[in-house]
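Trainee: Please read through the structure below; I'll follow up with questions.
The values are calculated or read from the model by the stated rules, or taken from the named source; none is laboratory data. These figures come from a predicted structure and were not determined experimentally. As a convention, Cβ positions derive from the backbone with ideal geometry for all residues, glycine included, and neighbour counts pool all protein chains shown. Heads up: the accessible areas ignore ligands, DNA and RNA and are worked out on the full protein's heavy atoms, side chains in. Shrake-Rupley method; radii C 1.70, N 1.55, O 1.52, S 1.80 Å.
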Amino acid sequence: MKKIIGLTGGIGSGKTTVAKFIENCGFPVYYSDDRAKTIVNDNEAVKNKIKELLGADSYDENGIYNRKFVGGKVFNDEELLHQLNGIIHPAVRLDFEEWVAKQTKYLIFKETALLFELKLNLQCYKSILVTAEDNIRLKRVMDRDGKTYREVETVMSNQMPEKDKIKLADFVIHNNTNLDDLKEQTEKIVFEIE
Ligand code: ATP
């Protein structure tokens, strides 16, 4: 029986870095956000539904998803965002199920920013939360993406508060120091679950 472990964290917490350490331990990771980005470009049924909902301009002349246009449409329109998520999330769920079926390892990981928000933790054997102090996360994302303080802070303030996520997680990784420490914490948890 395969065990699915949910891996989550807010913006800049370090969940992707942790996911890479997990892959180095020999376990597969499904990257939900990356897959969602592929699906909106490759899945014809999804593309058609998005165009129906938001208009043909949701894709450019080469058929590539216009993130800026779509973002502008759903910004400040909760109902429209809800409908857009209603197209994308089920497609990602299906894609994940297909990926799970193909895996041969007994321990597999699902990286997603929305583990608790979408209650995906209920389908997981265990959950791991990566967290770090807000000012550290802000700095890391500003350095990584060249974003402004305000841009990162806006995303952060729209995510579920860390204190609520900590209550829901089976394992918590505090990523406030260096990468060696992060790796050590990750491996300890992986081998404990194993
Ligand atoms: P997002 O949700 O924005 O995709 P994330 O949670 O996946 O973020 P990462 O991309 O793993 O976070 O980490 C954010 C940035 O911080 C990256 O540039 C990463 O290399 C760096 N970083 C993560 N942890 C540490 C650490 N302990 N020490 C130094 N840099 C770190």
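Trainee: Would you calculate the separation in nanometres between label points at D164 and E117, each defined as 7 Å from the Cα along the Cα-to-beta-carbon direction?
Mentor: 1.1 nm
Trainee: For V100 and A45, compute 0.36 nm times the residue count separating them, minus their Cα-Cα distance, and round to one decimal in nm.
Mentor: Working it through step by step, the gained length comes to 17.6 nm.
Trainee: Could you list the chymotrypsin sites (Phe, Trp or Tyr not before Pro) in region 95-138 that lie in coil according to DSSP, counting only those with at most 16 other Cβ atoms within 10 Å of their Cβ?
Mentor: Listed in order of number, the matching sites are Y106, Y125.
Trainee: For the residue pair R144 and N76, what label-to-label distance in nm results when each label sits 7 Å from Cα along the Cα-to-beta-carbon direction?
Mentor: 2.9 nm
Trainee: Of G72, P90, Q123, which is farthest on the positive side of the dipole of region 29-156, counting Cα position, with +1 on Lys and Arg Cβ, -1 on Asp and Glu Cβ, and the Cα centre as origin?
Mentor: Q123
Trainee: Go through region 30-89 and name the GluC sites (Glu not before Pro) that are in a DSSP coil and have 13 or fewer other Cβ atoms within 10 Å of their Cβ.
Mentor: E61
Trainee: Would you calculate the volume per residue, in Å³, of the smallest convex hull containing every Cα atom of the chain?
Mentor: 131 Å³
Trainee: Given the -39500 (n - 2.57) contribution per DSSP H run of 4+ residues, what per-residue ellipticity at 222 nm results for the chain, rounded to the nearest 500 deg cm²/dmol?
Mentor: -17500 deg cm²/dmol
Trainee: Work out the length of the dipole vector of the chain about its Cα centre, built from +1 on the beta-carbon of each Lys and Arg and -1 on the beta-carbon of each Asp and Glu, and round it to the nearest 20 debye.
Mentor: 260 debye
Trainee: Within the chain, which DSSP H helices have Cα atoms that stretch 20 Å or more along the helix axis and a mean Kyte-Doolittle hydropathy of at least -1.0?
Mentor: TM-like helix candidates: 78-102, 179-193.
Trainee: Accessible area per residue of region 9-88 at 1.4 Å probe, in Å²?
Mentor: Ligands and nucleic acids excluded, the result is 55 Å² per residue.
Trainee: Within region 92-121, list the trypsin sites (Lys or Arg not before Pro) lying in a DSSP loop whose Cβ has at most 10 other Cβ atoms in a 10 Å radius.
Mentor: Those that pass, being in a loop and sparsely packed, are K119.
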